[in-house]
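Structure first, then comments.
The values are calculated or read from the model by the stated rules, or taken from the named source; none is laboratory data. Treat the numbers as computed from the prediction; the structure is a model and nothing was measured. Counting neighbours? That spans all protein chains shown, and the Cβs are built from the backbone with ideal geometry, glycine included. Protein only, heavy atoms only, side chains kept; ligands, DNA and RNA dropped before computing areas. Shrake-Rupley method; radii C 1.70, N 1.55, O 1.52, S 1.80 Å.
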Amino acid sequence: MSAILTPVGLLLIILTGYLFRRFGLFGKRDYRILQTVEFDIVLPGAIVYSFATNPHDISLLWISVFAFFCSLLPVVLIFLTTRRRNVTDRAFLMLNGAGFNLGCFCFPVVQSFWGAGAVVPAAMFDIGNCVMVAAGTNVLTQQLLHIQPGKTLAEQHAGAAPTLPYVKPKDKDAKRLARRALWRTIGKSFFGSVPFDTYLLMIVLTVFDVHVPAWIATFCQPLSNANALVSMLMVGMLMDLPQSKHDVKEVLAVVAWRVPFSIAFACAAWFLLPFSASIRAVAVICTLAPIAIFSTLFTDKVLGNAKLAGFSLALTAMISLVLMAIAHMLMGV
């Protein structure tokens, strides 16, 4: 019963955040407070607690590699197949069509399915996933569509063209400055992400077989316990119903991209990964996860439309719940 009640409870938290904002108990921009709390404090604490309380086999890093490609491929394919659409629609699809919500949604689900030990392969999956969702997807979207960081597309006067205007530098000095700016943007995007830095530190400790002290685990436990509540409440606070037919089409386009990819990746995880059935089952559930929390953050920064991303996350969370239940029954693990 808990296998069903846990994800349903997450959806109810999203609904609570949405209703509280609609009835004025939360302000329209209060979700940004929870964004800061979630990404800079709560989620890093949950990551540290997972590594501190569960042994992580170094061989499971192959799951991280698999997750990285699962998060990368949709972004590239969306870019290649949407060349006739305008830059705003392409950016929304690229930011929301790939990546998985693991720490906030999948961790409690797999724990309810198979116990606390199931969080270990899920965390290893999230390492590869985090490379993309915490920075990589945003960097790729900005670079491929020539979006200037720090400004929304409206501020950059995005029109109907598939990318923003871009003039390739020709002389050596201009090329060198452009390369420096690119690497500076990439470095800031990755190493400016607290969850990514936390995962990087945990990987280093795992490789060198260094164990996180018990007192740190004790300190981080309340943060881990708060992870699902804070993240889902934030989603509900920033969520809003589509305001136009175009918004509906955008959300449906995200679903149309995510569901086939999720099913394909789930099959690959079950039939191709060289691990036990219990570990492969966790990987399958991870591939069926909804949109990453980071997608709402980057959609807000690039498009100024976090509410539509929040609705997309909530909708894919409901679809994921159904897919996860079906997968759990089919695998019989």
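The residues in segment 288-330 that are open to solvent by less than 30 Å² (accessible area, probe 1.4 Å), part of a helix (DSSP H, G or I) and not aliphatic (A, V, I, L, M) can be counted, and the count is 10.
If you go through segment 84-100 and pick out every residue that is in a loop (DSSP other than H, G, I, E, B) and buried (at least 19 other Cβ atoms within 10 Å of the Cβ), you end up with 4. No other residue among Ala228, Ala217 is within 21 Å of the chain's Cα centre (by Cα) and either modelled with pLDDT of 90 or more or in a helix (DSSP H, G or I) (or both) apart from Ala228. Which of the numbered conditions does Thr16 fail, given that it passes all the others? Conditions: (1) at pLDDT 85 or above; (2) open to solvent by less than 50 Å² (accessible area, probe 1.4 Å). In the conditions (1) at pLDDT 85 or above; (2) open to solvent by less than 50 Å² (accessible area, probe 1.4 Å), Thr16 misses (2) alone.
Residues in segment 134-155 that are at pLDDT below 90, open to solvent by less than 10 Å² (accessible area, probe 1.4 Å) and under 30 Å from Val109 (Cα atoms): Ala134, Ala135, Gly136. Which members of segment 56-77 meet the condition of being in a helix (DSSP H, G or I) and open to solvent by 30 Å² or more (accessible area, probe 1.4 Å)? Matches in segment 56-77: Ile58, Ser59, Leu61, Trp62, Val65, Phe66, Phe68, Phe69, Leu72, Leu73, Val76, Leu77. I'd like the full set of residues that are aromatic (Phe, Trp, Tyr) and open to solvent by 70 Å² or more (accessible area, probe 1.4 Å), limited to segment 176-215. Result: Trp183, Phe191, Phe208, Trp215. None of Thr36, Thr81, Thr53 is open to solvent by 50 Å² or more (accessible area, probe 1.4 Å), among the hydroxyl-bearing types (Ser, Thr, Tyr), closer than 23 Å to Cys220 by Cα and free of Cβ contacts under 8 Å to residues at least 60 places away in the same chain except Thr36.
Residues of segment 216-241 that are closer than 17 Å to Val42 by Cα and open to solvent by 40 Å² or more (accessible area, probe 1.4 Å): Ile216, Thr218, Phe219, Gln221, Pro222, Leu223, Asn225, Leu229.
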